[in-house]
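The values are calculated or read from the model by the stated rules, or taken from the named source; none is laboratory data. Not measured: the values here are computed from a predicted model. All Cβ positions, glycine included, derive from the backbone under ideal geometry; neighbour counts span all protein chains shown. The protein model used for the area step is the full one, side chains on, heavy atoms only, and it has no ligands, DNA or RNA in it. Shrake-Rupley method; radii C 1.70, N 1.55, O 1.52, S 1.80 Å.
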Amino acid sequence: MNHLLTPQQLQARQQELRQQYEAVSARKLNLDLTRGKPSTEQLNLSDELDGILAGNYKCADGSDARNYGGIMGIPEARKLAADYLQTIPARIMVGGNSSLQLMYQLVTSALSQGVRGGESAWSKEAAAANGKVKFLCPSPGYDRHFAICEFLGIEMIPVAMNAQGPDMDKIEALVKADPLIKGIWCVPKYANPDGVVYSHAVVARMALLGKIAGANFRIFWDNAYAEHHLVDNPPELANIIALSEAADTLDNVLVIGSTSKITHAGAGISFIATSEANLAAFADQLNIATIGPDKINQLRHVHFLKDMPTLRVLMQRHRAILQPKFEALLSALDKGLSGKTLNGKALGSWTRPQGGYFVLFDTQPGLADTVVKLTAAAGVKLTPAGSTWPLRKDPANSNIRLAPSFPSLKEIEAAMEVFVLCVELATVERELGQ
Ligand SMILES: Cc1ncc(COP(=O)(O)O)c(C=O)c1O
């Protein structure tokens, strides 16, 4: 389609697209590009976990993994997580099957019990100031981070993302002005959903936020995709732990990760890296809820993943499965939409991530919800429009998160054919005022 179509040409194109849409709808597809789940083929890569201990439950410190205790995690899992998150084992706690749950627990305990006893509870400070606890939310971002805030009544302040990471001028100004801003959500590498890797300058400025923020401010540094590359020379993420240690702000930083997209999703192990004082305070609170994590699974993971070189070989095998899927998705967008304009404006734009699990597509402003509805009615499920923003309010109504990891190549191709068609159809019909 070229620019400056006459109304008649536009009408003709709309009829053509509608016919194609009806034909596709008649195929009664049932395809899903919603969640970034690993595919069965990826999960198969870690099946060796099952039975790997072969009856040997002894941990490095001589303890029995089958028994209670060990709230900080077993020593060998702390060592592996320390190498993964680039710090020392003393700054690591290894938890259960979900980093999201750890984040939820960290937020709830800071909110109601405090990070250093009841006096430091965020909610107490907010009540005394007659205000609300707030979090900065670089957006687009991860819907489940925002859901934690929404559920707990924490006010969310969206902050724009750019190619280097979140807008740091804005973030610094906001935290300086409001001591009730108690946290920020960051996915610093291959961000969910826009694939951005924070630049060194952004990470360095993040590490200094603790100096200008109100008391007990915490950066939730969700490094969920640290080793999840799709390219040969992956970009490097600066080490926020080292930078904040140098700036004496490590108390303000909670680095989080998990093996969910390394081994078995939802059946892996999770970790936090932060100051030893933070870990001790959090362990005291966690100990009320549990007598310890699943140490058998931690041990299984250490036996299987062994060390960073072994883990990286596994991640290459994931990449071999994932990369063709990303290529299929991107090639459908390139073929279907690249260079296409309507009356001078591109039909959409999209990211080319170097790692992670998502491609972010932007429709022309105001069309994301229409495109998602059209594709759904034609049998292709997409993440609901708006879900990449706090309270599901995408101000431009343009973001659509595409997740190609779970479906097969054939399914991605079929789904993208529908998607491309729906983007053009929605844009043309809006131009026609329909
Ligand atoms: C940024 C991010 N953090 C955390 C998670 C969930 O991790 P876990 O399975 O360890 O709870 C996801 C899953 O999609 C994610 O994208």
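Would you mind working out the accessible area per residue for segment 56-306, using a 1.4 Å probe, and quoting it in Å²?
On the way: 9590 Å² over 251 residues.
Accessible area per residue, segment 56-306: 38 Å².
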query: In whole Å, what is the distance between the alpha-carbon centres of segment 4-27 and segment 127-171?
result: 41 Å
- prompt: If the viscosity is 1.567 mPa s and the temperature 4 °C, what translational diffusion coefficient in µm²/s does Stokes-Einstein give for segment 56-306 when Rh comes from Kirkwood over Cα pairs?
  reply: 71 µm²/s
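Fully extended, how many nm does the chain gain between residue 430 and residue 6 (0.36 nm per residue separation, minus their Cα-Cα distance)? Numbers along the way, then the final one.
Details: separation 424, 0.36 × 424 = 152.64 nm, distance 1.47 nm.
The span from residue 430 to residue 6 would gain 151.2 nm if fully extended.
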statement: Here the residues of segment 121-142 lying in the modelled label zone of residue 284, meaning backbone nitrogen under 13 Å from a point 7 Å along Cα-to-Cβ, are 121
Lys/Arg +1, Asp/Glu -1 at C-beta; the chain dipole; positive extreme among 388, 338, 427: 427
Cβ-Cβ FRET estimate between residue 291 and residue 19, R0 fixed at 60 Å, reported to 0.05: 0.40
- request: Quick one: dipole size for segment 394-434, taken about the Cα centre, charges +1 on Lys/Arg Cβ and -1 on Asp/Glu Cβ, in debye to the nearest 20.
  value: 140 debye
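Taking 22 Å as R0, compute the FRET efficiency from the Cβ-Cβ separation of residue 129 and residue 173 and round it to 0.05.
Values: r = 19 Å, r/R0 = 0.88.
Efficiency for this residue pair is about 0.70.
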message: Beyond 31 Å, how much of the Cα-Cα pair distribution for the chain remains, as a whole percent?
response: 44 percent
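So what is the orientation-averaged projected area of segment 329-416, using the convex hull of its C-alpha atoms, in nm²? If you can, show how the numbers build up before the last one.
Details: hull surface 24.8 nm².
Taking the Cα atoms of segment 329-416, their convex hull projects to 6.2 nm² on average.
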- prompt: Taking every DSSP beta bridge that has both residues in the chain, what percent is antiparallel when rounded to the nearest 5?
  reply: 50 percent
task: Could you give the size of the charge dipole of segment 56-306 about its Cα centre, using +1 on the Cβ of each K and R and -1 on the Cβ of each D and E, expressed in debye and rounded to the nearest 20?
output: 360 debye
field: Rough spin-label spacing in nm, given labels placed 7 Å along Cα→Cβ, for residue 47 and residue 409
entry: 2.1 nm
- line: With +1 on the Cβ of every Lys and Arg and -1 on the Cβ of every Asp and Glu, the dipole magnitude of the chain about its Cα centre, in debye rounded to the nearest 20, is 400 debye
